[in-house]
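Working notes, beginning with the structure itself.
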Amino acid sequence: MPAKHLLIIGGGSVATTAVRAMHARGGTSTLVHEGLPLGGCCLHVGCVPSKYLIRAAERVHHSHHSPFKGQEPLGMQQDQAALFRDLRAKITEMRERNYEKPLPELPGCRLIKGWGSVIDSTTIEVNGQRIQGDAILLATGSRTDLADAADLPKDRVLTNENLFDREALPESVIVIGGGYIAVELMQMMNRMGTKVIALQRSGHILSAQPAYLGEPLGAYLKSEGVHLHCGVNLGSLEAGGDGVIAHATVNGEPQQFTAKTVFMARGRLGNSDRLGLDRLGIEPHARGFVPTNDQLQTSCPGVYAAGDLLGGHMLVYTASAEAERVVAHVHGESTTPRPASSVPWVVFSDPQVAGVGLTAEEVRARASR
């Protein structure tokens, strides 16, 4: 089969994995990216910085608490500015070592910085230049849904996209949401000395999982000092009180919560709005995620999508696996999607929560059909 050329829009795990997979098959690729640097979400605003700070917060926590009688921990002096500088230095070193230096050295790999959009099923445009290939892979990821915070000053609104750019964590924060991003980072901030007020819409955190996981973890977070409220109907967020005021009802009772900042983690939006998908008749879902078939093709043959842009698992390892499948299909191979129940997941809270396969409730429901 003649060598294939893949056009890739995006610079995260999907994009970089696809470049390497094309090279391994003797193909070539053009990678177009803007926004986050090479390495994407996981390296810059996801896995790497969050786990760095989670582990740092664990050290702080243990310096103040001991499970053994007769041991009185003396605490820890913190220089958060130095901590954040070290975090960013490590990210830069990893980006240079794993992406910026090796990718341009791959034969047949072309990197272009700029916003890319699709023209037809084999053509993209970037910086006023049109580039043709054999197929297109859309891998532009997702972003935080900021609709509830639209009227707030930007410096009062935190997300995983800007939290790690700070010199220090906020004095106090209202966390909106109770999924894995919210849970991991609310515990981290609380352990590092931030007053955390967490507002969760459902009856327990980790609402996608059974209550027997979310409820005890929520109780544990409360025991550490997180002000966790479940069953919350958020009315509005407004600037005031030298920070942010959340107007809400909690189990039917009106309440107000005030903090210096708000951390938004209640939902994600697909980054599809600048791709020109209307030219190809591709219609994203209401939240911007792009639908595909079992071979990760969009409604336009030859145009694929993978990673967070699909709105599914949003995990780095599923993103990389999807990139491998796209490259295989571009080369004429049929691939089999992994069943959703077989994908392992983990929440890096303390204690950690992880799972794979069906829950007991799902097994019983299937058995009763």
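The values are calculated or read from the model by the stated rules, or taken from the named source; none is laboratory data. Model, not experiment: these values are computed from the prediction. Ideal geometry is used to build each Cβ from the backbone, glycine not excepted, and the neighbour counts take in all protein chains shown.
Residues of region 138-189 being surrounded by 24 or more Cβ atoms within 10 Å (Cβ to Cβ) and among the polar types (S, T, N, Q), which ones? Selection gives Thr140, Gln187.
Before we move on, is Glu184 among the charged types (D, E, K, R), outside the structural domain of Ser50 (by TED's automatic domain parsing) and part of a helix (DSSP H, G or I)?
Yes; evaluated as a whole, the condition is true for this residue.
Of the residues screened, Ile197 is not one that is within 21 Å of the chain's Cα centre (by Cα), among the hydrophobic types (A, V, I, L, M, F, W, C) and under 23 Å from Ala147 (Cβ atoms). For Pro104, state whether it is more than 21 Å from Asp350 (Cα to Cα), touching a Leu at 6+ places or on another chain (Cβ under 9 Å) and exposed (fewer than 13 other Cβ atoms within 10 Å of the Cβ). Against the criterion (more than 21 Å from Asp350 (Cα to Cα), touching a Leu at 6+ places or on another chain (Cβ under 9 Å) and exposed (fewer than 13 other Cβ atoms within 10 Å of the Cβ)), Pro104 qualifies. Within the set Asp242, Asp278, the sole residue that is within 30 Å of Glu184 (Cβ to Cβ), acidic (Asp, Glu) and out of contact with any Leu (no Cβ under 9 Å at 6 or more places or on another chain) turns out to be Asp242.
Given the criteria buried (at least 21 other Cβ atoms within 10 Å of the Cβ), of a type in the set (A, V, I, L, M), within 19 Å of the chain's Cα centre (by Cα) and not assigned by TED's automatic domain parsing to the domain that holds Cys41, does Leu217 qualify? Judged against the criteria, Leu217 is not a match. Within region 196-212, being surrounded by fewer than 16 Cβ atoms within 10 Å (Cβ to Cβ), aliphatic (A, V, I, L, M) and assigned to a loop (DSSP other than H, G, I, E, B) holds for one residue alone: Ala208. Within region 187-198, the residues that satisfy the criterion of being farther than 26 Å from Ala354 by Cβ and either of a type outside the set (D, E, K, R) or in the same structural domain as Lys51 (by TED's automatic domain parsing) (or both) are Gly193, Ile197. Residues in region 54-80 that are over 23 Å from the mean Cα position of the chain (by Cα), surrounded by 11 or more Cβ atoms within 10 Å (Cβ to Cβ) and of a type outside the set (D, E, K, R): Val60, His61, His62, Ser63, His64, His65, Ser66, Pro73, Met76, Gln78, Gln80.
Yes/no per residue for (1) within 23 Å of the chain's Cα centre (by Cα); (2) surrounded by 14 or more Cβ atoms within 10 Å (Cβ to Cβ); (3) small (Gly, Ala, Ser):
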residue: Gln256; (1), (2), (3): no, no, no
residue: Gly267; (1), (2), (3): yes, yes, yes
residue: Asp273; (1), (2), (3): yes, no, no
residue: Ser299; (1), (2), (3): no, yes, yes
